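Written below as structure tokens is the structure these notes are about.
The values are calculated or read from the model by the stated rules, or taken from the named source; none is laboratory data. The model shown is predicted, which means the values in this text are computed figures rather than measured ones. With ideal geometry, Cβ positions are generated from the backbone for all residues, glycine too; neighbour counts draw on all protein chains shown.
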Amino acid sequence: MEPVLNEQFILGSRVEGGLKDVALKVLSGARILPEEGLLLYEKASPGFLATLAGHVRFRKNGNDAYYIRNFHIEPTNICVNKCRFCSYSHHFSPKKWDLPVEEMLDIVRKQDETVREVHITGAVHPDKDLYYYEDLFRKIKAIRPDIHIKALSAVEMEYIIRKAKVSNEQGLKFLQASGLDSIPGGGAEIFDDKIRKEICATKASTKSWIEIHEAAHRLGITSNATMLYGHIENYGHRIKHMTLLRESQDRFGGFNAFIPLKFKNSNNELSGIREASVIDDMKNYAIARIYLDNFPHLKSYWPMIGKPMAQLSLAFGVDDMDGTINDSTQIYSLAGASEQNPSFTVSEMIKLITAAGRKPVERDSLYQAIGNRQ
Ligand code: V47
Ligand code: SF4
């Protein structure tokens, strides 16, 4: 059902004038300004944001809520960087691994034929290079030519491309030829030099992250974008982050989904910081949906926030639940997420989406509906 939102409804509501103006702007399909985004963070109630984001979500995706049959491979957690929020790398995790290629191929062989996407991301291992991943992608495609390879965050990309002394275009083309289909959204954190210096001083800069994604978009490789929130940043930083993404999307249009990632505080150097509240999580989804008017999809990542919160996020602008995952990621369980062995069956996913009043739609990696099968 379409959210009840029209000019009269807004004008008759009790919200303050500034917020009414923003709502009328959103209703007319106009883009809101950074200061208006900030006003939403500072003044808008969760109910107001849910209604407005629901309107935008409906305009873009109707009542559909997407999911995909996917799994992750995390090749290694040995990392040249030491990001202070990270519980996954060998610096803070009780486990240390560097999977042999054969072991990763066995993970691929184990998947049933309905699984359509592998998400490959890990740490920035000092010994891995462009040729290592080229070989891995080729071997995966030899086993499953139909599988979509979404791999290597811009941070991992930057390291191996720089090491190979080639341009971003050359490096990406080389990987594309070996089977890379799209790029995940990791490594973005917060696009602000001062914050990056505090939380992830040595990893790829804002500029490099955006350059790699834009080079990919020019080659027809689509990607996602994340934002790590709820640590030392403020609302202004979040707006700046989304403004840079919105501008980039205006240039090349290659982003599929925006994925807010809630900072989890177990077992890392920022453990003293209290995690964001559920209200802040939901407001953040809604504002992202309203602000990023040129992003087709907004994803809530359930291994991070848990299934009940992901279900709730469907009322705050989210249209994408990521996928089944099949207990194949440890990034969030190591950071203290409630989902210690993240796995979703398709029937459970369908039930959860339906109970939220939305239509479950199985998708491929490029958001084409593929018809529901149980
Ligand atoms: O860049 C690391 C984040 C990201 C913590 O593209 C943390 O579909 C919270 O990018 N608390 C990697 N977050 C994961 C990622 C991703 C996830 C799901 C889907 C997609 C996609 C991409 O995980 C890192 C960092 O921002 N992260 N540690 C932590 N303690
Ligand atoms: Fe390494 Fe990524 Fe963890 Fe940073 S967030 S330490 S780059 S694995």
## Note on the structure
Filtering region 75-118 down to residues that are outside any loop (DSSP other than H, G, I, E, B), touching an Asp or Glu at 6+ places or on another chain (Cβ under 9 Å) and surrounded by 17 or more Cβ atoms within 10 Å (Cβ to Cβ) yields THR76, GLU117
### Query
Within the bounds of region 201-209, is there any residue that is surrounded by fewer than 18 Cβ atoms within 10 Å (Cβ to Cβ), polar (S, T, N, Q) and in contact with an Asp or Glu (Cβ under 8 Å, 6 or more places away or on another chain)?
yes
### Message
I'd like the residue in region 189-210 that is in contact with a helix residue (DSSP H, G or I) (Cβ under 6 Å, 6 or more places away or on another chain) and among the charged types (D, E, K, R) and, out of all such residues, is nearest to PHE295 (Cα to Cα).
### Response
ASP192
### Message
Can you tell me how many residues within region 232-245 are surrounded by fewer than 21 Cβ atoms within 10 Å (Cβ to Cβ) and either within 16 Å of ligand 2 (Cβ to nearest atom) or modelled with pLDDT under 95 (or both)?
### Response
1
### Task
Would you confirm whether any residue within region 46-64 is in contact (Cβ under 8 Å) with a residue 24 or more places away in the chain, within 15 Å of ligand 1 (Cβ to nearest atom) and either over 19 Å from the mean Cα position of the chain (by Cα) or buried (at least 21 other Cβ atoms within 10 Å of the Cβ) (or both)?
no
### Message
Condition (residue is surrounded by fewer than 22 Cβ atoms within 10 Å (Cβ to Cβ), farther than 22 Å from ARG238 by Cα and of a type in the set (Phe, Trp, Tyr)) applied to region 348-370: is it met by at least one residue?
### Response
yes
### Task
Please go through region 82-113 and pick out each residue that is within 12 Å of ligand 1 (Cβ to nearest atom) and in contact with a strand residue (DSSP E or B) (Cβ under 9 Å, 6 or more places away or on another chain).
PHE85
